[in-house]
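Asker: Take this structure, written in structure tokens, and hold onto it; I'll ask about it next.
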Amino acid sequence: MRKRPLGQNFLVDSEIAHNIITLANIQPEDHVVEIGPGKGVLTQRLLPIARSLTAIELDPKLCRELESRFPDSPSFKIVEKDAAKFDYASLEPGFKVVSNLPYYAATHIMKKLIHFGSRIQSMTLMMQKEVVDRLTAEPCNKEYSSLSVYVQYHCKVERLLEIPNTAFSPRPKIDSSLFSLKPLPQPSVQVEDPQLFFKIVNAAFLHKRKMLKNNLKPWEDKFEQAQLAGIDLSRRGETLSMSDFANMANYLHSQNE
């Protein structure tokens, strides 16, 4: 059985690395978690400025290289594990994440981090530009999706920096973007039943070109004159704001009580 490729594209542009660290706003008292440190281009810049640094790296060869490169750093710890499966509750709460996320698992790792958001101060992450387009999209934008709603429900999202493919080796076919996620103490909208809220969101975007009345068939017995919670069901999911989805979910929740 062939081993799955790790899909590593190493950041080699020192100016961009410097800009990433500046934008991450690391303070001397911060504990930083770096996911996928690779060859250590961000690691070497994080170590002198953070109180401590935990690097999570799946590739054992890269782990050994980092250990030999930074042997006398008591504030530095390497964890040889899969960041998508790592238990972030095992770390001291209040840490900041800085990462050039591996392309093949980027969205999965980001969702895992959001799940542990109450323990995280901020995340400064690099992902494929096309994915960051979706994370930051507003209603009526063609990139707006269920992923946009999911991330913006849990976090404040800010786009920080565009990074060309020439900044990496080997050079990927796509460009990347740096963005920050700051977990919200409370979700961005008030929802009585979060599970129902996300069921409606996912259904609304299931077939993007279809109207809500077709995508929300499981709840059609609650439709009122082609409306649901005052929202015209001839609209498409991509036109609905977070508040629109919350109003529908809260209305349906009240009908089920």
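The values are calculated or read from the model by the stated rules, or taken from the named source; none is laboratory data. This is a predicted model, so every value here is computed, not measured. Cβ atoms come from the backbone with ideal geometry, glycine included; neighbour counts cover every protein chain shown.
Asker: List the residue pairs whose Cβ atoms are under 7 Å apart, where the first residue sits in the stretch 145-164 and is under 25 Å from Glu15 (Cβ atoms) and outside the structural domain of Lys129 (by TED's automatic domain parsing), the second is charged (D, E, K, R) and surrounded by 20 or more Cβ atoms within 10 Å (Cβ to Cβ), and the two are 6 or more positions apart or on different chains.
Answerer: Within 7 Å, no pair qualifies.
Asker: Scan Ala167, Ala204 and give me the residue that is in contact with an Asp or Glu (Cβ under 8 Å, 6 or more places away or on another chain) and among the small types (Gly, Ala, Ser).
Answerer: Unique residue meeting the criteria: Ala167.
Asker: Which pairs have Cβ atoms under 7 Å, sit 6 or more apart or on different chains, and link a residue in the stretch 236-257 that is touching a residue at least 60 places away in the same chain (Cβ under 8 Å) to one that is among the hydroxyl-bearing types (Ser, Thr, Tyr) and surrounded by fewer than 18 Cβ atoms within 10 Å (Cβ to Cβ)?
Answerer: Met242/Ser188
Asker: Is at least one residue of the stretch 65-77 on the phi < 0 side of the Ramachandran plot, outside any loop (DSSP other than H, G, I, E, B), in contact (Cβ under 8 Å) with a residue 60 or more places away in the chain and surrounded by fewer than 18 Cβ atoms within 10 Å (Cβ to Cβ)? Steps first, answer last, please.
Answerer: First, pick out the residues of the stretch 65-77 that are on the phi < 0 side of the Ramachandran plot: 65-77.
Filter once more, keeping what is outside any loop (DSSP other than H, G, I, E, B): 65-69, 76-77.
Next, only the ones that are in contact (Cβ under 8 Å) with a residue 60 or more places away in the chain stay: none.
No: the stretch 65-77 contains no residue that is on the phi < 0 side of the Ramachandran plot, outside any loop (DSSP other than H, G, I, E, B), in contact (Cβ under 8 Å) with a residue 60 or more places away in the chain and surrounded by fewer than 18 Cβ atoms within 10 Å (Cβ to Cβ).
Asker: May I pose another question? Is there a residue being in contact with a helix residue (DSSP H, G or I) (Cβ under 6 Å, 6 or more places away or on another chain), farther than 22 Å from Phe168 by Cα, of a type outside the set (Phe, Trp, Tyr) and not in a loop (DSSP other than H, G, I, E, B) anywhere in the stretch 37-55?
Answerer: The answer is yes; a qualifying residue exists.
Asker: Here's a follow-up. Can you pull out the residues in the stretch 215-246 that are among the polar types (S, T, N, Q) and over 20 Å from Gln195 (Cα atoms)?
Answerer: We begin by selecting, within the stretch 215-246, every residue among the polar types (S, T, N, Q); these are 215, 225, 227, 234, 239, 241, 243.
Gln225, Gln227, Ser234, Thr239, listed by residue number.
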